Amino acid sequence: MTGFGGEVFDLVVIGAGSAGAVIAARASEDHRRSVLLLDAGPDYPLLTETPFDLVNSHNNSYTAHDWGFSYQPTAVGRGVPFPRGRVTGGSSAVNTTIALRGMPEDYDGWAAVGNPEWAWEKVLPAFKRLERDLDFGDRPYHGDAGPISIRRYEWDELTKVHQAWLEASDELGYPRCEDANDPESWGSGPHPMNKLGRVRISTAVGYLAPARVRPNLRIQANTLTRRLIVEGGRVTGVEVECDGVTEVIRARTVVLSAGAIQSPAILLRSGIGPKEEVEPHGIELVREVPGVGRNFSDHPALAVLCTVKDPSILDADQPIVQTILRYTAPDSEYRNDLQIEAFSFSPRGEGAPNAFAIAAVLEQAHSKGTLTLSSADPHAAPLIQQNMLSDERDVRRLVACFRDAIAFTKTSALAPVIREVVFPDPRRSLSDASLSELLPRLAASGFHPCATVKMGPESDPLAVVDQYGRVRGVDGLIVADASIMPSVPRANTNLTSIMIGEMVGEWLRTEPGRYGL
């Protein structure tokens, strides 16, 4: 049992992940505010007692601290796992530690559709505030004293695969890029990564560790949020389950930061969403909000798989990702809408032994998917249909990117390393028509889900929250995580999710009246 009795918290934050941990840490800086941070997964207050899969930034934690979700990436694709972190720190505690910002145009695009507080010039201070950039902290667009340490690999730290890949990139004519987070940059170079040595600097490490000493902050782990309690149009509490016992925690304000998959699912279980998605599960409709679970956005990707002549250059204990190429598709209006990156070894050992991969990723995607409930049971996973590559513009650009990824294998720098290209089969046609048929069958998620509870103006029928994260028509309820993004940024989403936590956390701390506190 959680043992809350009749206590009423000023602020209950659901989800201690990339955004939620930040919000709880920032909001609790005001010692007058009682803050409760809930998470369905375990909590490890001491780094010395944290399991190795969470410490080890050299590879993802795939199963030990995972929700066990699955998804269907494309209309003709197969159901595959969709890893999401179930632990304090959320997916920032289990991911690849890529600390990449979107393009300034991404955030200006959010502003242009009715969210002016999210323009690049307004979110840049939050990006600077969150980071401790060990390489470029003195530059005007970087921070040098934030909770999240970021660095890039030096040349002699790169694996043989990544060294050869960078030399191949030079050969193909791409410029070298020393800092992929320079707002004007493009080209190939080392990934910015939130890690120190092998240690993953998650939001649990960067934000929660120093905040734990505050008496007004309570962290409650292993506590599943079943639904929100809404009375008279206002959220008054949260129904939770801990050790098989269900109880209600009372709150003046609730922040839902459970992520792009669980935040919409919790809203739907609480009767907030499209009527046709709520009532068939026997859930009473509290507020009809058509956009909940709609607009699902992500990055589609497909990798070239290569075996090596010398297996000794591959080691699953090496860092899996170290380098990146950001560039623009032919005739595209979206700068840096494509990304290619090498993997030191095939993830999870899939596809072939003694292999590495070169992934082609579409970073700006038009295709939209859906998230719906499978049942009213809070233990049941939601249904995720990504509908990736349903828009022809996405297919065309990912085909171009995949061709460019294949070109790496033919360079004088990388070809000597390769024994065989296992995928795509070099014996099959690689015409535009063939690849346009292949990619929708085999492309998969970059695991950057967002936009399922998107923010926008009242004139947008699919906007669930306003630009401050406030749910329209339900007082006292805020959503703040990747789900409120109007569209997927041209980058891995973790750093942008932390930025969202910084923005909303600061508003809660400095302008509480905006949220009725």
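Things to note:
- Scan of segment 237-248 for residues that are more than 29 Å from the chain's Cα centre (by Cα) and surrounded by 11 or more Cβ atoms within 10 Å (Cβ to Cβ), ordered by number: 246, 247, 248
- Answer residue from segment 14-37, given it is of a type in the set (Ser, Thr, Tyr) and closer than 20 Å to residue 250 by Cβ and is nearest to the chain's Cα centre (by Cα) among those: 28
- Screening residue 429 against (1) outside any helix (DSSP H, G or I); (2) under 26 Å from residue 362 (Cβ atoms); (3) in the same structural domain as residue 23 (by TED's automatic domain parsing) leaves a single unmet condition, (3).
- Failed item in (1) assigned to a strand (DSSP E or B); (2) surrounded by fewer than 22 Cβ atoms within 10 Å (Cβ to Cβ), with residue 225 passing the rest: (2)
- Residue that is nearest to residue 184 (Cα to Cα), among those in segment 83-116 that are of a type in the set (A, V, I, L, M) and more than 12 Å from the chain's Cα centre (by Cα): 103
- Qualifying residue in segment 372-379 (condition: in contact with a Phe, Trp or Tyr (Cβ under 6 Å, 6 or more places away or on another chain) and not in a loop (DSSP other than H, G, I, E, B)): no
- Selection from segment 457-483 of residues that are of a type in the set (A, V, I, L, M, F, W, C) and either out of contact with any strand residue (DSSP E or B) (no Cβ under 7 Å at 6 or more places or on another chain) or not in a loop (DSSP other than H, G, I, E, B) (or both): 462, 465, 471, 477, 478, 479, 482
- Residues of segment 432-455 classified as in contact with a helix residue (DSSP H, G or I) (Cβ under 9 Å, 6 or more places away or on another chain) and part of a loop (DSSP other than H, G, I, E, B), total: 8
- Test set (1) at pLDDT below 95; (2) touching a strand residue (DSSP E or B) at 6+ places or on another chain (Cβ under 7 Å) - residue 429 fails condition number: (2)
- Out of 91, 70, 149, sole residue that is of a type in the set (Ser, Thr, Tyr) and farther than 17 Å from residue 205 by Cβ: 70
- Qualifying positions in segment 182-213 - surrounded by 16 or more Cβ atoms within 10 Å (Cβ to Cβ) and in a helix (DSSP H, G or I): 203, 204, 205, 206, 207, 208, 209, 211
- Taking residues in segment 193-218 that are closer than 20 Å to residue 133 by Cβ, and partners anywhere that are at pLDDT below 95 and part of a helix (DSSP H, G or I), the pairs with Cβ atoms closer than 7 Å and at least 6 places apart or on different chains are 205/47.
- Looking only at residues in segment 96-135 that are farther than 13 Å from residue 146 by Cβ and of a type in the set (Phe, Trp, Tyr), the one that is surrounded by the fewest Cβ atoms within 10 Å (Cβ to Cβ) is 120.
- Failed condition for residue 81, given (1) in contact (Cβ under 8 Å) with a residue 40 or more places away in the chain; (2) assigned to a strand (DSSP E or B); (3) under 30 Å from residue 395 (Cα atoms): (1)
- Selection count, segment 120-158, where residues are touching a Pro at 6+ places or on another chain (Cβ under 7 Å) and β-branched (Val, Ile, Thr): 1
- The single condition from (1) of a type in the set (Ser, Thr, Tyr); (2) in contact with a Phe, Trp or Tyr (Cβ under 9 Å, 6 or more places away or on another chain); (3) surrounded by fewer than 19 Cβ atoms within 10 Å (Cβ to Cβ); (4) within 17 Å of residue 338 (Cβ to Cβ) that residue 445 fails is (3).
- Meets criteria (of a type outside the set (D, E, K, R), under 20 Å from the mean Cα position of the chain (by Cα) and more than 29 Å from residue 53 (Cα to Cα)) for residue 123: yes
- All positions within segment 164-181 that are crowded, with 17+ Cβ neighbours inside 10 Å and closer than 22 Å to residue 313 by Cα: 164, 165, 166, 168, 169
- Every listed requirement among (1) in contact with a Pro (Cβ under 6 Å, 6 or more places away or on another chain); (2) part of a loop (DSSP other than H, G, I, E, B) is met by residue 70 save one, (2).
- Criterion applied to 153, 141 was being more than 22 Å from residue 104 (Cα to Cα) and at pLDDT 95 or above, and the one residue passing it is 153.
The values are calculated or read from the model by the stated rules, or taken from the named source; none is laboratory data. Only a predicted model underlies this, so the values are computations on that prediction, with no experimental measurement involved. Note that each Cβ is placed from the backbone with ideal geometry, even for glycine, and that neighbours are counted across all protein chains shown.
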